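Visitor: Mind looking over this structure? Questions follow.
The values are calculated or read from the model by the stated rules, or taken from the named source; none is laboratory data. Everything numeric in this text was worked out from a predicted model, so none of it was measured. Methodologically, a virtual Cβ is constructed for each residue, glycine included, from the backbone with ideal geometry; neighbour enumeration extends over all protein chains shown.
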Amino acid sequence: MMKAIIFLGPPGAGKGTHAKEVSQILNIPHISTGDIFREHVKNQTDLGIKVKSYLDAGKLVPDEVVWEVVKDRIDKEDCKNGFILDGFPRTILQAEMLEKYLKEKNADIKVIYLDAPDELVIRRLSARRVCKNCGAIYNLISMPPKKDGICDICGGELYQRSDDKPEVIKQRLETYYKETQPLIDYYKNKDIMYTINAEKEREEVLKEILKVINE
């Protein structure tokens with residue numbers, strides 16, 4: 001049976017990190033919508049040209065187009081046993097389109113909501129550092145580099161992204177709650193959402209996620 005795993009949670013809750021770990025353990029693709037968008041735009045596919053026209057005009061990409069891009073990806077052969085979605089759905093309409101598709105496939109759907117208080121998110125994200133050279137990501141709290149300010153992999157300089165500054169993170173959180181709260185309520189009513197406390201140790205959170213998925 002196809003496993004469809006959807007990760008929800010505020011920025012900095014660990015969605016990307018845990019999605020990658022679960023992807024390796026279950027051997028199913030981890031799909032980040034941001035990555036697929038960039039790929040289509042870069043390769044100038046028909047979908048990419050469509051997406052770029054909205055982005056260039058400073059408009060939001062309509063739900064139907066976002067779904068087209070995601071559906072194109074999850075229809076691929078490597079997704080036949082399942083996949084992990086990170087960054088999709090973002091709206092109720094996207095969730096409905098995805099659900100209709102998954103029901104037709106008779107998939108096992110699990111929505112994992114990583115719950116993290118604002119203080120934790122601000123602390124975690126403001127501790128994030130990125131290598132200017134190879135893009136490797138570190139965290140001064142949980143995954144610091146061996147040498148302060150220097151990338152372990154390539155020796156490049158580490159820097160703090162402008163959107164990882166505390167005042168920007170607060171704005172990002174406000175936007176997140178406004179956009180995502182309806183989606184959380186939608187899934188709560190569906191009885192397929194599992195809330196996991198993202199404040200716990202990384203290994204503990206991973207263990208709980210796997211338990212939910214294997215139930």
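Visitor: Need pairs with beta-carbon distance below 7 Å; first residue among the hydroxyl-bearing types (Ser, Thr, Tyr) and within region 89-105, second surrounded by fewer than 18 Cβ atoms within 10 Å (Cβ to Cβ); sequence gap 6+ or separate chains.
Guide: 91/63; 101/71
Visitor: Got a sec? Which of 146, 207, 132 is over 30 Å from residue 95 (Cβ atoms) and free of Cβ contacts under 8 Å to residues at least 24 places away in the same chain?
Guide: 146
Visitor: Which of the residues that make up region 179-204 are more than 24 Å from residue 63 (Cα to Cα), in contact with a helix residue (DSSP H, G or I) (Cβ under 7 Å, 6 or more places away or on another chain) and of a type outside the set (A, V, I, L, M, F, W, C)?
Guide: Within region 179-204, 194, 199 meet the criteria.
Visitor: Can you tell me which of 24, 44 is of a type in the set (S, T, N, Q), at pLDDT 90 or above and either crowded, with 20+ Cβ neighbours inside 10 Å or within 19 Å of the chain's Cα centre (by Cα) (or both)?
Guide: 24
Visitor: Which is at negative phi and surrounded by 15 or more Cβ atoms within 10 Å (Cβ to Cβ), of 141, 122, 92?
Guide: 122
Visitor: Please tell me if residue 95 is out of contact with any Cys (no Cβ under 7 Å at 6 or more places or on another chain) and over 23 Å from residue 212 (Cβ atoms).
Guide: Answer is no for this residue.
Visitor: Would you tally the residues in region 175-215 being within 17 Å of residue 15 (Cβ to Cβ), at pLDDT below 90 and assigned to a helix (DSSP H, G or I)?
Guide: Within region 175-215, residues that are within 17 Å of residue 15 (Cβ to Cβ), at pLDDT below 90 and assigned to a helix (DSSP H, G or I) number 7.
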